[in-house]
Amino acid sequence: MGIFIVIVAIAINLFMIKTTEDQIVSSYDGTSGSVSNETLVEISRIEPECIMVLGASVHPDGTPSPMLEDRLETGIELYNRGVAPKLLLTGDNGQIEYNEVEAMKNYAVNAGVPEEDIFLDHAGFSTYDSVYRASYVFGVESMVAVTQEYHLYRTLHGCKKMGIEAVGIGADQEVYAGQEYREIREVLARVKDFVMWLIKPEATFLGEAFSISGSGIVTQ
């Protein structure tokens, strides 16, 4: 029985990777350290409505962890280069004392992104919730998903299940502490989300709908 479970988990992971890997576009120009022009051309084919930056941990002082900072830097660069007119920042704000999206918003505003172009998803408690809500709450039909590459396969699989046309950009700019543990945990997370998308329960919280084409200030 144990061997069967392992085989099923491996099969699900391979399926999720192989069916989404063509949606991940190469991101960084090794010489300049910025998003390559070839990447911008490849993204433009889907005419994305927004750039969704997925949340990650923040420090007690409210500053982003290195992993989240790289996601934000990548998303902001794509915005500044005209890839899409809006940023959708999604993360965990389930507790008063912990607020990923506020830290993400502050970082983007400090980088010069106008507040009206920043949408906050305070109920992105999981990758499943973030993708579900992108479609159901914000009405997103096409987008660029920004996170580290290992996490993109699961994100893009969810986009397919919600009918969102999406490409993914890997925000990997360094080797992150604890990455081996994350890779192992991701194997299990892909299995969990695969089952979730088969059942497709509602996101943990839905609430009021906001059009991604409007002003993001109403979400702040």
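For this structure, a couple of remarks:
- With eigenvalues of the C-alpha gyration tensor scaled by 5 and rooted, the stretch 10-139, Å: 23, 20, 15
- Accessible-area composition of the stretch 35-95, carbon plus sulfur, in percent [1.4 Å probe]: 47 percent
- Phi-based couplings in Hz for the stretch 142-155 (Karplus 6.51, -1.76, 1.60; Gly and Pro marked x): 8, 6, 9, 9, 10, 6, 6, 4, 4, 8, 5, 4, 5, 5
- Take the chain and mark each of the GluC sites (Glu not before Pro) that is in a DSSP loop with at most 14 other Cβ atoms within 10 Å; the longest unmarked stretch, sites excluded, is 1-96.
- For the chain: accessible area per residue (Å², 1.4 Å): 48 Å²
- Based on C-alpha pairs under 8 angstrom that are at least 6 apart in sequence, the chain has a relative contact order of 25 percent.
- Highest GNM mean-square fluctuation among I76, I199, I118, for the chain modelled with Cα contacts below 10 Å: I199.
- Residues whose placed amide H lies under 5 Å from that of I24, excluding near-sequence neighbours: G168
- Stokes-Einstein D for the stretch 127-220, Kirkwood Rh over Cα pairs, 20 °C, 1.002 mPa s (µm²/s): 149 µm²/s
- Relative to the dominant Cα principal axis of the chain, helix 100-110 is inclined by about 40°.
- Prolate/oblate/rounded label for the chain (Cα gyration tensor, a/c 1.5): rounded
- DSSP loop trypsin sites (Lys or Arg not before Pro) with at most 15 other Cβ within 10 Å excluded, longest remaining stretch of the chain: 82-220
The values are calculated or read from the model by the stated rules, or taken from the named source; none is laboratory data. Source: prediction; values computed, not measured. Positions of Cβ are generated from backbone atoms using ideal geometry, with glycine treated the same way; all protein chains shown enter the neighbour counts. Areas reflect the complete protein model, heavy atoms only, side chains present, ligands, DNA and RNA absent. Shrake-Rupley method; radii C 1.70, N 1.55, O 1.52, S 1.80 Å.
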